[in-house]
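Below is one structure, written out as structure tokens, with a few remarks after it.
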Amino acid sequence: MKKSESWVPSRNLATTSPTKPPLHTVDGIHWTAEVDIQIPGNGSVEYSYHIYRDGRTIRTEWNSLPRILHVADNPKKVYRIEDCWKNLPEQQYFYTSAFTESLLAHRERSAAPKSYKKGLLIKAYAPCIDSDHCLALCGNQKALGDWNPDKAALMSDIDFPEWQVEVDAGKISFPLEYKFVLYNKKERRAVAWENNPNRYMADPQIAANETLVSATVMYTSIFLHGKVPE
């Protein structure tokens, strides 16, 4: 299995951990690395980003919630990961165990998203969602409900407060436009849109046996008192 990463850091030297392969840059802004790894026995890979100078760590991203990638049992699979550096989030207390394991705990987690031969995996952090609700993706594709929020693609809470969903990229007609939606699982309907312009993705040219992981949406704020517009 091959893991290819691109990342926008805040300084000039970066590596991943724990094996620490170095990332490389040509413009000082975008950093990339390509790593071949064995499929782990538990089906998931944990990693984080660090900045090194003269062989010493000088900065580590916020890692209270480790990055987790659930991978397919396919040795030919390639994951192309688009990440961004994780700084300490605003309202950090929502990410503490008092909320994620008590007040807003999701005790019965959904499974990891289904993998596709050509996949687009979208992730987002949204801690202020109780177990009766989930985050969903609504957009200009049939797989995302064709802008009907009640037919949005529901996201998995397997790594709550991170949410994720994979869609079949072979059935997407790019460019892709979408928004995050708050969905009431008991009532089976959407109850709120995120308060942002449409998110846009041009054709990323996903190859066969490749999944593009878009993990650049951090700390999405979407709240239970929102209302779906008519």
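Out of the stretch 185-197, which residues are surrounded by 15 or more Cβ atoms within 10 Å (Cβ to Cβ) and assigned to a strand (DSSP E or B)?
First, the residues of the stretch 185-197 that are surrounded by 15 or more Cβ atoms within 10 Å (Cβ to Cβ): 190-194.
Within the stretch 185-197, A190, V191, A192, W193 qualify.
Criterion first (modelled with pLDDT of 95 or more, touching a strand residue (DSSP E or B) at 6+ places or on another chain (Cβ under 6 Å), in a strand (DSSP E or B) and surrounded by 20 or more Cβ atoms within 10 Å (Cβ to Cβ)) does Y178 satisfy it? I'd like the intermediate steps shown before the answer.
Working: modelled with pLDDT of 95 or more: yes; touching a strand residue (DSSP E or B) at 6+ places or on another chain (Cβ under 6 Å): yes; in a strand (DSSP E or B): yes; surrounded by 20 or more Cβ atoms within 10 Å (Cβ to Cβ): yes.
Yes: the conditions hold for Y178.
Is it the case, given these coordinates, that F160 is among the aromatic types (F, W, Y) and surrounded by fewer than 21 Cβ atoms within 10 Å (Cβ to Cβ)? It is false that F160 is among the aromatic types (F, W, Y) and surrounded by fewer than 21 Cβ atoms within 10 Å (Cβ to Cβ). When C128 is tested against the conditions (1) at pLDDT 95 or above; (2) touching a helix residue (DSSP H, G or I) at 6+ places or on another chain (Cβ under 7 Å), the lone failure is (1).
Scanning the stretch 127-152 for residues that are touching a Phe, Trp or Tyr at 6+ places or on another chain (Cβ under 9 Å) and outside any loop (DSSP other than H, G, I, E, B) yields a total of 10. Looking at P89, is it in contact (Cβ under 8 Å) with a residue 12 or more places away in the chain, closer than 18 Å to R67 by Cβ and surrounded by fewer than 20 Cβ atoms within 10 Å (Cβ to Cβ)? Criteria met by P89. Restricting attention to the stretch 113-136, the residues that are touching a Lys or Arg at 6+ places or on another chain (Cβ under 8 Å) and hydrophobic (A, V, I, L, M, F, W, C) total 1. Taking every residue in the stretch 113-127 that is over 24 Å from P75 (Cβ atoms) and pairing it with any residue that is of a type in the set (G, A, S), at least 6 positions away or on another chain, the pairs with Cβ-Cβ distances below 6 Å are I122/S214. Assessment of the stretch 78-85 against the conditions (of a type in the set (A, V, I, L, M, F, W, C), part of a strand (DSSP E or B), at pLDDT 95 or above and in contact with a helix residue (DSSP H, G or I) (Cβ under 7 Å, 6 or more places away or on another chain)) yields no matching residue. Of the candidates K151, K123, K114, the single residue that is touching a Gly at 6+ places or on another chain (Cβ under 7 Å) and of a type in the set (K, R) is K151.
For the stretch 131-152, filtering for residues that are buried (at least 21 other Cβ atoms within 10 Å of the Cβ) and touching a helix residue (DSSP H, G or I) at 6+ places or on another chain (Cβ under 7 Å) leaves 3.
Taking the stretch 115-126 as the range and being among the aromatic types (F, W, Y) and either surrounded by fewer than 17 Cβ atoms within 10 Å (Cβ to Cβ) or assigned to a loop (DSSP other than H, G, I, E, B) (or both) as the test, only Y116 passes. The selection criterion, being over 24 Å from L144 (Cα atoms) and buried (at least 17 other Cβ atoms within 10 Å of the Cβ), holds for V45.
Scanning the stretch 97-114 for residues that are outside any helix (DSSP H, G or I) and exposed (fewer than 12 other Cβ atoms within 10 Å of the Cβ) yields R107, E108, A111.
Being at pLDDT 70 or above, closer than 26 Å to A111 by Cα, among the acidic types (D, E) and in a strand (DSSP E or B), is that true of even one residue in the stretch 18-41? Checked against the condition, which is being at pLDDT 70 or above, closer than 26 Å to A111 by Cα, among the acidic types (D, E) and in a strand (DSSP E or B), the stretch 18-41 yields at least one hit. Scanning the stretch 42-64 for residues that are among the charged types (D, E, K, R), in a loop (DSSP other than H, G, I, E, B) and at pLDDT below 90 turns up just one, D54.
The values are calculated or read from the model by the stated rules, or taken from the named source; none is laboratory data. This one's a predicted model, so the numbers in the text were calculated from it and none came from an experiment. Glycine also receives a Cβ, built like all others from the backbone with ideal geometry; neighbour counts cover every protein chain displayed.
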